[in-house]
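Asker: Take this structure first; my questions come after.
Rule-based calculations on the coordinates, nothing more; no lab input. Keep in mind that this is a model prediction, so the values were computed, not measured. Here Cβ is always computed from backbone atoms with ideal geometry, including for glycine, and neighbour counts include all displayed protein chains.
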Amino acid sequence: MVQFLLDYGLFLAKAVTVVAAVAAIVALSVGLSRKGPAAGGLRIEKLNDKYRDLRQQLRHALLSKAERKKELKQEKKQRKLEEHAHGTDARRRVYVLEFKGDIRATAVPALREEISAILGVASKTDEVVLCLENFGGAVHEHGLAASQLKRLRDRSIPLTAIVDKGAASGGYLMACVANRIIAAPFAVIGSIGVIAQVPNFHRLLEARGVDFEQITAGRYKRTVTMFGENTDADRAKLREELEEVHTLFKQVVTTYRPDLDIEAVATGEHWYGSRALELKLVDALETSDDYLQRATESADVFRLTFRARPTLQQRVLSAMRAGADEAAAWVSQRDLNGRFP
């Protein structure tokens, strides 16, 4: 009897495993077959419509039935006028980009595609608005981001950078390329400096009898290291390299904002928006919400967002996560139904 129960339990476990595997395959297939924003490409949203819809929702809730009917007629007439103006290209266009930075500036590939799209259609009477949130990171990555923005300047397309939270270090390197920089009063601005931080485990390894061997060809192939013994000469060379990068940083800022007292602001310090305005690090104080909403009164405002097409591995992982979430929800619901019939 005991053996029978063991055999039956093993058979049941195998059956459950097979059913779970089949369910996982089905869920994965369904997930991979779904189409939507994850497919990648350029997404375009007209902010004029967004702001108008928000106003209408609130206004309609406040009006009486008769007033609402009259309002709808006026809105219909106004929309026809806007469509006619858009058809004759009478209104200028504002293209809005959003860049949220990290240490490796991983949003640069998307920025590259968005700017390439704009350069194919924008004219000198249009404007590009960059909503920037970036507190800096790797030099070469943020240098490339600034170079992408320079493509707009080179084509004489007006570029406005708006900072609601912060544009510091590599973030300010990007912002200074713009024709105008606008910041919220408490946005963090500046930090025109360079830093390198390297932990050193040499004494820890030495205390435990561990030797670290590093062989290089070239006097300065490696200076300060994490595991070897660092010398004053190593530190001096690294400091020299940092000073060189700092000099390049200051040159870029001076090129685009020649009225700055660069030596006064290139100390590595940061300031809030109000003080940054006094130092001429920014040109005006305002939030992106106010700026863009006002722009819709005289221009067609479009927000562009590029998403790269996910790789097969990313799609598989996404489908597996979705399948796991659905399975967990099903099990949870079944458990609740069992407890509370």
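Asker: From the phi angles alone, apply the Karplus equation (6.51, -1.76, 1.60; θ = phi - 60°) to the stretch 282-299 and give each ³J(HN,Hα) in whole Hz, x where the residue is Gly or Pro.
Answerer: Listing the rounded values in order: 10, 9, 7, 10, 5, 8, 5, 4, 5, 5, 6, 5, 5, 5, 5, 6, 10, 8 Hz.
Asker: Can you tell which of T255, L204, T223 lies farthest toward the positive end of the dipole of the stretch 192-255, using +1 and -1 charges on the Cβ of basic and acidic side chains (Lys, Arg; Asp, Glu)?
Answerer: T255
Asker: Students often forget the sequence filter, so: which lysines lie under 16 Å Cα-Cα from K65 once same-chain residues fewer than 8 apart are removed?
Answerer: K73
Asker: To continue, here is another question. Please give every one of the lysines within straight-line cross-link reach of K70, meaning a C-alpha to C-alpha distance under 23 Å, and leave out same-chain neighbours fewer than 8 residues apart.
Answerer: K50, K80
Asker: Which of the listed residues, L144, V188, F99, is farthest toward the dipole's positive end in the stretch 82-200, when Lys, Arg count +1 and Asp, Glu count -1 at the beta-carbon?
Answerer: Farthest towards the positive end: L144.
Asker: Can you give me the long-range amide H partners of F135? Hydrogens built in the peptide plane at 1.01 Å from N, cutoff under 5 Å, separation of 5 or more residues or another chain.
Answerer: G101, A168
Asker: Between R309 and S64, take the C-beta separation as r, use R0 = 56 Å, and let me know the FRET efficiency to the nearest 0.05.
Answerer: Result of the calculation: an efficiency of 0.65.
Asker: Of all beta bridges DSSP finds with both residues in the stretch 164-312, what is the antiparallel percent, to the nearest 5?
Answerer: Restricted to the stretch 164-312, the bridges split so that about 40 percent are antiparallel.
Asker: In nm, to one decimal, how far is the E241 label point from the K46 one, both placed 7 Å along Cα→Cβ?
Answerer: In this crude spin-label approximation the distance works out to 5.2 nm.
Asker: What ³J(HN,Hα) values, in whole Hz, does the Karplus curve 6.51 cos²θ - 1.76 cosθ + 1.60 give for the stretch 98-105 when θ = phi - 60°, with x put for Gly and Pro?
Answerer: Computed from phi, the couplings for the stretch 98-105 are 10, 10, 9, x, 9, 4, 9, 6 Hz.
Asker: Here is a further query. Amide H to amide H under 5 Å from V188: which residues, 5+ apart in sequence or cross-chain, H placed 1.01 Å off N in plane?
Answerer: Here G166, A167 satisfy the definition.
Asker: Under 15 Å from a label point 7 Å along Cα→Cβ of T225: give me every residue in the stretch 184-216 with its amide N that close.
Answerer: Only 199-206, 210-216 pass the distance filter.
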